[in-house]
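**Q** Dropping a structure here in structure tokens format, bear with me for questions.
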Number of protein chains: 2
Amino acid sequence: MADDTRTRILTATGELFRRQGYNGTSLSQVSTAAPATIGSIYHFFPGGKEALAAAVIDSTGSVYRELFEAIVAESDDVVSAFVNFFEGAALVLTESDYIDPCPIGTVAREVASTSEPLRQAADAVFDSWVRSATEVLVGAGIDPPHAADLANLFVAMTEGCFVLSRTKRSPEPLRAAARLVGPLIASALEEGGARTSRTSERGARRVRGIR
Amino acid sequence: MADDTRTRILTATGELFRRQGYNGTSLSQVSTAAPATIGSIYHFFPGGKEALAAAVIDSTGSVYRELFEAIVAESDDVVSAFVNFFEGAALVLTESDYIDPCPIGTVAREVASTSEPLRQAADAVFDSWVRSATEVLVGAGIDPPHAADLANLFVAMTEGCFVLSRTKRSPEPLRAAARLVGPLIASALEEGGARTSRTSERGARRVRGIR
DNA sequence: GTCTATAATTTGATAGAC
DNA sequence: GTCTATCAAATTATAGAC
């Protein structure tokens with residue numbers, strides 16, 4: 001199941017998007033990288049390149065939301081969860097020779113003005129990430145409007161640090177984010193009058209249940 | 001001078017990059033948008049599309065660094081300078097129908113793995129932005145290592161919010177950043193033991209002098 | 001489901017007249 | 001400096017045999 005043709009096409013396309021973006025990736029590259037013939041690509045994605053990209057955005061978006069929620073579930077408290085996220089991202093980026101960790105941000109920026117279906121697919125993914133982070137922060141005691149702002153900032157920081165770290169070929173921007181995000185969340189917890197900064201057991205169970 | 005052929009080509013290319021990125025923009029589109037013939041493009045940029053993109057990155061990078069420094073010079077204090085920056089960006093984005101405000105972030109992500117000259121050009125621009133913001137923050141009394149982290153975060157927030165706001169077709173992500181950046185800088189000023197949060201006169205003059 | 005062949009168009013780039 | 005004509009190669013997409 002893990003390497004049926006459709007999955008191979010999706011995986012190969014995601015990796016090519018991470019290196020070259022949407023317009024920089026051709027279907028012939030996907031065909032050789034998968035590997036799969038052009039005919040197979042159109043068999044599984046009759047909508048062509050645009051439909052393939054939409055499927056890549058959807059599946060990558062789910063994987064990364066689950067990754068974030070797994071980190072939250074495994075962390076001792078909310079503050080260290082966010083710190084762990086950025087430190088983990090810094091590690092992944094270095095080990096992958098600075099291939100972009102997220103194909104969605106690149107593709108979104110490329111096509112937001114030229115492909116409404118892809119823009120909406122990327123929008124739905126970012127929204128699901130913001131909602132997931134908001135839930136975690138609200139569950140820790142931060143009041144909803146402030147939590148939503150912080151969740152928005154969290155996703156923006158992530159995407160922005162990917163741009164900087166990838167361009168610089170250095171994990172430093174992500175490390176700087178890791179250093180700053182802890183105090184930022186911690187002070188929000190104090191203002192919110194949270195009784196404790198630890199992730200509630202109920203919240204952790206809910207998060208685990210999603211996987 | 002403002003509309004000589006070379007400048008027209010640079011401006012048109014920058015706008016096309018903002019809508020479609022690097023790989024999504026063809027030289028024939030540049031030719032009709034400038035307007036200028038293909039021959040003229042290769043006359044001014046013998047290195048072809050890649051050299052043209054490098055020139056766009058350089059000039060756009062300077063313009064935006066000067067814009068940031070102008071906002072700093074015109075703001076009453078450092079905190080409101082950063083708030084004003086994000087609120088201004090939110091306004092610009094809405095008025096431009098969510099065309100990406102920054103062609104550099106898009107192009108950098110597209111080509112960081114495939115064009116070393118363009119990756120380096122984008123890297124130099126981001127570095128100049130981080131250095132400029134660091135100077136401002138240090139000038140306000142924040143100790144240099146913390147100021148460098150905050151400057152890094154500032155540029156990452158900007159790029160990340162551009163991705164989100166453009167994809168969502170809403171100024172909200174930039175507005176959320178505007179709401180959070182004030183307290184963030186303010187608390188750094190307190191920790192740094194700054195005597196005042198106002199931009200020092202010396203700092204403001206230095207910033208003006210750069211233009 | 002997989003494969004080859006191919007259609008129709010566009011791409012970046014060059015040559016050379018003016 | 002500007003323009004037209006043109007090259008070779010690559011692009012998305014389709015048709016149809018197996």
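**Q** Sort out which residues of segment B:82-127 are of a type in the set (Lys, Arg) and under 21 Å from B:LYS168 (Cα atoms), and write them in order of number. Step through it out loud before you land on a result.
**A** So the first thing to find is which residues in segment B:82-127 are of a type in the set (Lys, Arg), and the list is B:109, B:119.
B:ARG109, the sole residue that qualifies.
**Q** Could you list, in sequence order, all residues of segment B:168-196 that are over 15 Å from B:THR134 (Cα atoms), at pLDDT below 95 and either surrounded by 20 or more Cβ atoms within 10 Å (Cβ to Cβ) or not basic (Lys, Arg) (or both)?
**A** B:GLU190, B:GLU191, B:GLY193, B:ALA194, B:THR196
**Q** OK, next. Which count do you get for residues in segment B:43-53 that are more than 14 Å from every other protein chain (Cβ to nearest Cβ) and either near DNA strand D (Cβ under 9 Å from one of its atoms) or at negative phi (or both)? Explain how you work it out, then say what you get.
**A** First, the residues of segment B:43-53 that are more than 14 Å from every other protein chain (Cβ to nearest Cβ): B:43-48, B:51-52.
Filter again for either near DNA strand D (Cβ under 9 Å from one of its atoms) or at negative phi (or both), leaving B:43-47, B:51-52.
Qualifying residue count, segment B:43-53: 7.
**Q** Moving on to the next point. Restricting the search to segment A:184-194, which residues are farther than 14 Å from B:HIS146 by Cβ and assigned to a helix (DSSP H, G or I)? So that I can check it myself, show each step before the final result.
**A** Restricting attention to segment A:184-194, the residues satisfying the condition of being farther than 14 Å from B:HIS146 by Cβ are A:185-194.
A:ILE185, A:ALA186, A:SER187, A:ALA188, A:LEU189, A:GLU190, A:GLU191 - these are the residues of segment A:184-194 that are farther than 14 Å from B:HIS146 by Cβ and assigned to a helix (DSSP H, G or I).
**Q** Out of B:TYR22, B:TYR64, B:TYR42, report the one residue that is of a type in the set (Phe, Trp, Tyr), surrounded by 15 or more Cβ atoms within 10 Å (Cβ to Cβ) and assigned to a loop (DSSP other than H, G, I, E, B). It would help to see each step written out before you state the result.
**A** Details: B:TYR64 fails: assigned to a loop (DSSP other than H, G, I, E, B); B:TYR42 fails: assigned to a loop (DSSP other than H, G, I, E, B).
Result of the check over B:TYR22, B:TYR64, B:TYR42: B:TYR22.
**Q** Residue under question is B:ALA73, and the condition is that it be within 14 Å of another protein chain (Cβ to nearest Cβ), assigned to a helix (DSSP H, G or I), more than 16 Å from DNA strand C (Cβ to nearest atom) and of a type in the set (A, V, I, L, M, F, W, C); does it hold? Give the derivation first.
**A** Numbers: within 14 Å of another protein chain (Cβ to nearest Cβ): no; assigned to a helix (DSSP H, G or I): yes; more than 16 Å from DNA strand C (Cβ to nearest atom): yes; of a type in the set (A, V, I, L, M, F, W, C): yes.
Answer is no for this residue.
**Q** Sticking with this structure for a sec: Taking segment A:110-136 only, how many residues are in a helix (DSSP H, G or I) and over 30 Å from A:GLY192 (Cβ atoms)?
**A** Counting residues in segment A:110-136 that are in a helix (DSSP H, G or I) and over 30 Å from A:GLY192 (Cβ atoms) gives 9.
**Q** Listed residues A:LEU118, A:LEU67, A:LEU52, A:LEU91; which is at pLDDT 95 or above and within 16 Å of DNA strand C (Cβ to nearest atom)?
**A** On the way: A:LEU118 fails: within 16 Å of DNA strand C (Cβ to nearest atom); A:LEU67 fails: within 16 Å of DNA strand C (Cβ to nearest atom); A:LEU91 fails: within 16 Å of DNA strand C (Cβ to nearest atom).
The conditions single out A:LEU52.
**Q** I need the full set of residues from segment A:165-183 which are in a helix (DSSP H, G or I) and either more than 7 Å from chain B (Cβ to nearest Cβ) or within 16 Å of the chain's Cα centre (by Cα) (or both), in order please. Spell out how you get there, then give the answer.
**A** Taking segment A:165-183 and keeping what is in a helix (DSSP H, G or I), we get A:165-168, A:172-183.
Scanning segment A:165-183 gives A:SER165, A:ARG166, A:GLU172, A:LEU174, A:ARG175, A:ALA177, A:ALA178, A:VAL181, A:GLY182, A:PRO183.
**Q** Okay, next question. For segment B:130-146, give me the residue count where each residue is more than 10 Å from every other protein chain (Cβ to nearest Cβ) and either within 29 Å of B:ASN23 (Cα to Cα) or in contact (Cβ under 8 Å) with a residue 24 or more places away in the chain (or both). Give the steps one after another, and end with the answer.
**A** To start, the set of residues in segment B:130-146 that are more than 10 Å from every other protein chain (Cβ to nearest Cβ) comprises B:131-144.
Remaining after also requiring either within 29 Å of B:ASN23 (Cα to Cα) or in contact (Cβ under 8 Å) with a residue 24 or more places away in the chain (or both): B:132-133, B:135-137, B:139-143.
Summing the residues that are more than 10 Å from every other protein chain (Cβ to nearest Cβ) and either within 29 Å of B:ASN23 (Cα to Cα) or in contact (Cβ under 8 Å) with a residue 24 or more places away in the chain (or both) in segment B:130-146 gives 10.
**Q** Let me ask something else. Residues to consider are B:PHE154, B:PHE82, B:PHE162; find the one that is in contact with a Cys (Cβ under 6 Å, 6 or more places away or on another chain) and either within 19 Å of A:ALA156 (Cα to Cα) or surrounded by fewer than 22 Cβ atoms within 10 Å (Cβ to Cβ) (or both). It would help to see each step written out before you state the result.
**A** Numbers: B:PHE154 fails: in contact with a Cys (Cβ under 6 Å, 6 or more places away or on another chain); B:PHE82 fails: in contact with a Cys (Cβ under 6 Å, 6 or more places away or on another chain).
That would be B:PHE162, the only listed residue that is in contact with a Cys (Cβ under 6 Å, 6 or more places away or on another chain) and either within 19 Å of A:ALA156 (Cα to Cα) or surrounded by fewer than 22 Cβ atoms within 10 Å (Cβ to Cβ) (or both).
**Q** Further, regarding this structure: Any chance you could count how many residues in segment B:107-126 are farther than 21 Å from B:VAL83 by Cα and facing another protein chain (nearest Cβ under 8 Å)? Even if it seems obvious, please write down each step before you answer.
**A** Quick first cut of segment B:107-126, residues farther than 21 Å from B:VAL83 by Cα only: B:107-125.
Keeping just the survivors that are facing another protein chain (nearest Cβ under 8 Å) gives B:108-114, B:119, B:122-123.
Residues meeting the conditions: 10.
**Q** Just for segment B:17-42: of the residues that are more than 20 Å from A:GLU110 (Cα to Cα) and either within 14 Å of chain A (Cβ to nearest Cβ) or away from DNA strand C (no atom under 11 Å from the Cβ) (or both), which one is nearest to the chain's Cα centre (by Cα)?
**A** Looking at residues that are more than 20 Å from A:GLU110 (Cα to Cα) and either within 14 Å of chain A (Cβ to nearest Cβ) or away from DNA strand C (no atom under 11 Å from the Cβ) (or both), I get B:ALA34.
**Q** Name the single residue that is farthest from B:GLY24 (Cα to Cα) among those in segment A:1-16 being within 14 Å of DNA strand D (Cβ to nearest atom) and away from chain B (no Cβ under 14 Å). Don't jump to the end; show me each part of the working.
**A** Step one: list which residues in segment A:1-16 are within 14 Å of DNA strand D (Cβ to nearest atom), which gives A:9, A:12-13, A:16.
With away from chain B (no Cβ under 14 Å) added as a condition, the list becomes A:9, A:12-13.
Details: A:ILE9: 22, A:ALA12: 21, A:THR13: 17 Å.
Looking at the filtered set, the residue picked out is A:ILE9.
The values are calculated or read from the model by the stated rules, or taken from the named source; none is laboratory data. The structure presented is a predicted model; accordingly, all values stated were derived computationally and were not measured. Cβ coordinates were reconstructed from backbone atoms using ideal geometry, including for glycine residues, and neighbour counts include every protein chain displayed.
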